[in-house]
Amino acid sequence: MLNGLGKPGTKGHRQYTVNSKHPEFRGQKGVNGSDFPIRYNFVILREMPRTRTFISLVYLLTGTVSLIAEPILRAGQIHRPVTGRNGAVPAAAGLEVLKNGGNAVDAAVTVGFCLAVTLPRAGNIGGGGFLLYHDGQSGQSHALDYREVAPHKAHHDMFLDAEVNVDPELSRYSPLASGVPGTVAGLIEAHRRFGTLPLADLMAPAIRLAREGFPVHEALREQFTNVAQMLKLLENFPLGQRGHNSAQSTHITVEVMKRAYADRSKFLGDPDFFEVPGNQAMDMESPETTQFFIVDAWGNAVSNTYTLNFSFGSGIMTHSTGILLNNEMDDFSAKSGVPNAYGLIGGEANSVEPGKRPLSSMTPTLILRDGSIHGVTGSPGDSRIINTVLQVILNLLVYEMNFAEANNAPRFHHQWLPDILRIERGFPSDTLRMLKELGYQTETSYTIGTAQTIVRHEEGLLSVASDPRRLGGTALAY
Ligand code: DON
């Protein structure tokens, strides 16, 4: 059985409706007014909402930002987004749907199923994920959780051997590695609620690609949400004055990252199963996922992240269907304090239980301005997703980059444990030296995340940018 088919509010399916105009989200002023954005709602599907209410999904950041008044393109920019007026998508099949009069959800359904065929290492129907939808007409945002759940016979110690040690083979490459997939149910549910064109028409391109084949890309051949929490904390620091990727701004951001990831490890787990303690998790003082987005001419927007976990998931395919199965069970904490494949540790909050969702770092994100869609972003990249999305948002709103620059700029990552600051190539050597002097153990990292970002300008023009870190990533607009 697929999860995600239950009624909203049941364990099998969670849908959150977010009214960005809710008074609770008004008037939260950034401490550093000149350094932080104005009139932006961040609608972020937190990896584990603390409560079942929509407040856990939304943060309103206020202050001032010059981005709104900025020209769409400035002279001197090295990286530039693609622009269009009617729609923007990451794949040609999705563009066709928009041209045929479909809305953002229609196009998302097509793209979601097509990627399961053309990008089998990551696009999927044997996995799960999260989809955010902003309805341009009502101004409401909706979050659909179609994450896999642990099967009914799953149990707390299922990944331990006779010596009570974790056996990673079991949680990563065995039939036990798979959670019950949610992708098909999730995409169909999104279509049932918000789609406009017939489902059969939307699935036809994927079926055609599967039957007739397609040119294989070079890349294929080779082959807590913490962001809002961190943004809130970072409001207290004049990051903009310190400068993008300077030692000081990196130091401040890394310290915030460490605390957010520590909270994630200690307090977060499926809230259907684990009571995330009060404000604790928010009280900060104390290799193959797919992100795609679609914005249409009506101001509707979708941000979707879904995954099989590893490249090709568990590597196991079902005989009868040929569907590749996920190995999402490794996102659970198999034993308290023992790291998973991404080095993330966890405890009881994220222990294995039947029907429970493993903790996820996936962070599809909508950026709203005055209740309307302004931007959409998100990224694959395992535990580094959260920090990738954080840095794209900071680049946009604090460092005043355009969407292409924001995606492309070198990134860094710290996840509390291991206590290593991973830094992409492209950082000035002076910054690296100063960070070492500050006591960080630094490491040159392979690429951190692959952001996909769209901005919708006030005049209705769309700018879309696909991260060059991923071969074959596409940004299309018309
Ligand atoms: O849900 C999670 O956090 C992980 N299963 C995501 C895995 C991932 O992003 C792999 N590669 N890009």
Point to revise | The one condition in (1) of a type in the set (Ser, Thr, Tyr); (2) buried (at least 16 other Cβ atoms within 10 Å of the Cβ); (3) away from the ligand (no atom under 16 Å from the Cβ); (4) at pLDDT below 95 that TYR440 fails to fulfil | key: (4)
Exercise for review: Given the conditions (1) modelled with pLDDT under 95; (2) more than 19 Å from VAL302 (Cα to Cα), report the number of the one that ASN165 does not fulfil.
Suggested key: (1)
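Please work out if GLU275 is more than 14 Å from the ligand (Cβ to nearest atom), modelled with pLDDT of 90 or more, of a type outside the set (Lys, Arg) and more than 30 Å from ASN86 (Cα to Cα).
Against the criterion (more than 14 Å from the ligand (Cβ to nearest atom), modelled with pLDDT of 90 or more, of a type outside the set (Lys, Arg) and more than 30 Å from ASN86 (Cα to Cα)), GLU275 does not qualify.
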Review point. Which one is nearest to HIS156 (Cα to Cα) among residues in segment 342-369 that are of a type in the set (D, E, K, R) and within 15 Å of the ligand (Cβ to nearest atom)?
Key: LYS356
Review point. Which ones in segment 424-452 are among the hydroxyl-bearing types (Ser, Thr, Tyr) and in a strand (DSSP E or B)?
Key: THR442, THR444
Check your understanding: Any chance segment 317-330 includes a residue that's within 14 Å of the ligand (Cβ to nearest atom), over 28 Å from ASP467 (Cβ atoms) and crowded, with 21+ Cβ neighbours inside 10 Å?
Key -> yes
Review point. If you go through segment 283-305, how many residues are within 9 Å of the ligand (Cβ to nearest atom) and either of a type in the set (Val, Ile, Thr) or modelled with pLDDT of 90 or more (or both)?
Key: 3
Revision key, fill the gap. Exactly one of SER379, SER372 is within 15 Å of the ligand (Cβ to nearest atom), at negative phi and at pLDDT below 95, and that residue is SER379
Study note, to complete from the structure: ILE393: passes all of (1) part of a helix (DSSP H, G or I); (2) more than 22 Å from ARG369 (Cα to Cα); (3) at pLDDT below 95 but (2)
Point to revise | GLU405 vs. criteria in contact with a Pro (Cβ under 6 Å, 6 or more places away or on another chain) and on the phi < 0 side of the Ramachandran plot | key: no
Review point. Which number in (1) under 20 Å from the mean Cα position of the chain (by Cα); (2) farther than 19 Å from GLU288 by Cα marks the one condition that GLU353 misses?
Key: (1)
Check your understanding: If you scan segment 93-107, which residues turn out to be surrounded by 14 or more Cβ atoms within 10 Å (Cβ to Cβ), at pLDDT below 95 and of a type outside the set (A, V, I, L, M)?
Key -> GLY94, GLU96
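The values are calculated or read from the model by the stated rules, or taken from the named source; none is laboratory data. Just so you know, these numbers come straight off a predicted model, no measurement behind them. Positions of Cβ are generated from backbone atoms using ideal geometry, with glycine treated the same way; all protein chains shown enter the neighbour counts.
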